[in-house]
1. Between residue A:217 and residue A:578, what is the label-point separation in nm under the 7 Å Cα-to-beta-carbon projection?
2. Pairwise over distinct Cα atoms, reciprocal of the mean inverse distance: report the Kirkwood radius of chain B in Å, one decimal place.
3. What average number of partner chain Cβ atoms lie no more than 10 Å from the Cβ of the residues making up B:365-373?
4. Would you calculate a helix-derived [θ] at 222 nm for the protein assembly as shown, using -39,500 (n - 2.57) for each DSSP H run of n ≥ 4 and dividing by the full residue count, to the nearest 500?
5. Do any trypsin sites (Lys or Arg not before Pro) in segment B:7-102 lie in a loop, going by DSSP, with at most 12 other beta-carbon atoms within 10 Å of their beta carbon, and if so which?
6. Zone of residue B:170 (label point 7 Å along Cα→Cβ, backbone N under 19 Å): which residues in segment B:32-49?
7. Radius of gyration and Dmax for segment B:2-110's Cα atoms, expressed in Å?
8. What FRET efficiency comes out for residue B:271 versus residue A:111 if R0 is 60 angstrom and r is the Cβ-Cβ distance? Round to the nearest 0.05.
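Here, each number is a calculation from the coordinates, and none is a lab measurement. Since this is a predicted model, take the numbers as computed values, not measurements. For neighbour counting, all protein chains shown are included, and Cβ atoms are generated from backbone atoms with ideal geometry for every residue, glycine included.
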Amino acid sequence: MSTYSGGWSTQQLAEFLTAIASYSEQSGALTGAVERVAEALEAEVAAIVQGDNVLAAVGFPPDDIPTELLCRAAARDSATIELPSLGVCRVSVVALETPKDARLLVARTGDSEFVKEEAVLLRAMGRGLALTIRSLAALEEERHLRARSEAQSRENVRLVRQLQERQTLLERLAKIGQSISHRAPFAEVLDAIVRGASELVNAEIASFRLRDQANPDALVILAQVGLAPEVLADMAREPASRGVSPRSVAEDHLVVIADYPRFEGAVAALVRDGVQVAMAAPVRETGQVVGSLTVASREAGRVFTPAEQDTLVAFAEHASLALTDSKMAAAMQHQVLHDALTGLPNRTLFLDRLEHALARARREVGSITGVLFIDLDRFKNVNDSLGHEAGDQLLIQLGRRLRGSIREVDTPARLGGDEFAVLVEGVAELNDVIIVAQRIRDNLRQPVTIGGNEIFSNPSIGVATSSDGREAASELLRNADTAMYRAKETGTRPCVVFEPTMHAAVMRRLELDADLERAVERNEFELHYQPVVRLQGETIDGAEALVRWRHPVKGLIPPAEFIGVAEETGQIVPLGRWVLQEAIRQVGEWEAASTDRGPFSLSVNVSGRQLQDPDLIGQLTRMLDETGFNPAHLVLEITESVLMQDMTGTVARLRELKRLGLRLAIDDFGTGYSSLGYLRHFPVDVLKIDRTFVDDITEGSEQSAVARAIIGLSDALHLTTVAEGIETAGQLDLLRQLGCELGQGYYFSRPLLAKAFEALLRHGIGWKPGVSAA
Amino acid sequence: MRVGRSAALDARAAGEEAAGQALGQDKASLVVVFCSDAYDLEQLIRTISERSGGAPLIGCSTAGEIGVSGPGDASVIVTALGGEGFSIATALATNASGRLRLASAEVAASVSRVAERPYKVLMLLSDGLSGDQQEVVRGAYSVVGAAVPLVGGCAGDDLKMKRTYQFHGTQVVTDAVVGAAIASDSPMGIGVRHGWRRVGEPMLVTGSADNRVFTLDDKPALDIYLDRLDAPAGARMDGAAFTRFAITHPLGLSRRSGEEVRFVGEANFEDRSLVCIAGVPQGGLAWFMEGDDTSVLEATDAACSDALASLDGHRPVGFLAFDCIARRGVLGDEGIRREVSRIGLHAGGAPIAGFYTYGEIARTNGVSGFHNQTLVILALS
């Protein structure tokens, strides 16, 4: 451990994350965070602002915070701020993902500007804070819900008291009130009401009837005691208008029938059943009569006393309350606890169920509780290319599939955006959870057709399990989230099971962010070149320049680990510039050295962020001018997903680039969402078939059908095709047969450093570095 | 500002003598007392308070006193601050451990009670054995903000590490924070320097909670500490011997502008942990630090110069010094005499008073302001 490297900022970040993780509520975390941020950056002032409000600040007496100044500086991303009593201070600002629209600002007196390392640290602290706040918000929401149901319970008790005259009635109603407030199923509440009425009025028959929504003249028995099924069946065959209940509903007051057999509106089935007396009280929902609470007795000479009549009315009123409350509560509960789009449980409900599952697991030893965290790769592309409505439709359909992929007892949830989760309960072993994950992945990967477009989704699934229920729900979900990120990084594994070391990986990711900033300044990058080979004849047509990062401590870091971070932080722009410059210089040198060889093409990857860089065209123009490199030999590779973002803007940018005389390639073709048809919108020259279509390519396979389609389409559009990831002679043969023009992959050569590539150029394909260098 | 001193053994006699010298016939706006905990403190403070006519009083017990005549032990130093130019408000918060931040914030509220003058400073004296002293700075800062500098130190008990005392008015308390908000017409300057340097490879703080360090590089912190520093046998089993060894072997934490020094106060021989005077955050890097006569005395000069520089050319009327006990450990008796005479030279004949602390407070820039192993100078003009 003593070899641990890194500057002061990495240390401060670690300390900061540890410190804010200890807070259990949002306001504390915000206050703690501003304090720690100020300490880390040795600044006098730090604040978190949201619009016109300061959520937390340090550096001012609490009653003397210059809210307006701070908010303005944060909104404008000012470099300086003049604060009362401190004078002009240097400022650094970062936006926070959570709280929504919030910004974190630090201000420091003196002349020392916030250097890059500090800006990176601030950003990392902001990110750490946002994560903390998000999980605390979910926690607080849960607490709030609990508090609210307690308040409702108090209100019910108050209403019940108002209604009461007799202690038993009070108790009975209180029980019903409790079951309402405890969100017992509606049917159970009604059952409690009819049983209570039957007992307290001392009538063996009691029923709760409600207007049928489909046929408002008829009353449907929702709950009853004392009636045999065959009597109920008989009753159903008589006109709906008969009986004491419809009359009570029509007249909107208590109706008592002392001699039921002689009652002109009597229900024949009940008379046959021996009913002697009956009475019904109206039940209302938000003031409107919607049904009745009815009691009856077969006892000869039975009379309902005024007290019993009052009791029934009181019960009916309470039933009204239950009805109103329960229906509203059910609707409200559904709204609060479910995702509006997919109808799936939301994060709150999910965490609640998970909490219960863990509690059960603590009691019942031997079973496993599993959480799956599911994120859809490149979902944003669907929104960007096909619109938000299509994105919503996709989520709805995938939500349905998710529900269909799991057992009834398991809980699916949409956590937000393109994130889903599943709670798998009571399984015997980890493998059972993995099987569920695999089934989900297979089902979600099936294409969805929306508006005529076939959309393919690729879910990344993280799995976390608990065998003894000792973990907190939020912890387990966070672990699954962490594992999901790992699954996303690897890209190939169907699901990844959480391991404690992964938290370290998250930490590493943050460190990487800081390291990367320095790496760009210190030029720790190097270029490797992979030959692009003409499949007929296997001659070298050119090279793709690939960037690698040689970290002074961690060694060679593969692009998958840092390109995403660089893209996110914007470091990709200076890095990409360097790659272009260096590759053009190197390949220009090779071209100059061997004029006898034909034209040699150079492919360089350009990221989305680089493409948006307004300086890109100017820089390229300068590089080409200064080196005299023939632009026709330069191919810029852009991934399909980048093209799909802001299509109109992108097409315009690509046309500008094309005017320089260079060529454009679509990288990883076939992994995006849209039909092949959109290709003609883009001014591209080269299609690179993604390695996934090359991996399993065999005669007659689905992959080869895709490859064939891509090659056919390229032909039609006069595009050049390059197959990526060729590793075997079989793949090469098949691609050649399909008419693919160019290819690259380990079969020919892995990416090589410039010196080794030069040797390859001299010796031709088949030469292996270090094997026959002579 | 005037300073009186007595080494008389009897509390009443010592109080009379020191207060008599400091006060003369003048009326003080603030009386500051630094003394050994060996005195009958109730008696001592009552005597001084009576002698001052009930002027506002703050103070604390020490690990050695500093006066113009040099450093000393088992003595009392009384400082009287007077004149039209000052407006003073004092405050006390007791039962501070477990709520240091809040206690300090309560004391800091005294700043709102001083008259509006162009220069303000809040002096804090706290019980260094009551927990993470950084919370004292955080609490005060949360109330006064960046506009009011903080200065002060943690009370001592002649290195017994058992109990320290704070004084307010005629009260003698422990586990407390006392403070005086000082508003002045003339500038007040603060200087702070340490004079230690890193030694050896850094270690990762793999397990800590507040001011307790459990593991360094995943190994028991105490074992690493004793082994890497090649501690003498006595320090490996005896608490007092350990503390004597540890005061000259602090920890350094990595910070933006260098390192922050942490005084290792105690060893827990049971769970093999280290107890520091302020927080050592988990996940950070730590170094062992070392210093020598030269580097420590250079820091003395620098701290005095910094304090004077902030006076905008005004002549100092006195220096208050908060000097870490660890520096005393490095310098030895002869060294601290040289140090105190150097401070006197910088003061240019103005009186000096101070004490050897278990931790120092000085916040002028930034938000952090709790220090260890440093010398803090407050220059008044």
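1. Taking the two extended label points, one gets 8.5 nm.
2. About 20.3 Å for chain B.
3. 5
4. Result for the protein assembly as shown, helices only: -13500 deg cm²/dmol.
5. Here the sparse-neighbourhood loop sites are B:27.
6. B:32-33, B:40-49
7. 14.3, 42
8. So, using R0 = 60 Å, E works out to roughly 0.80.
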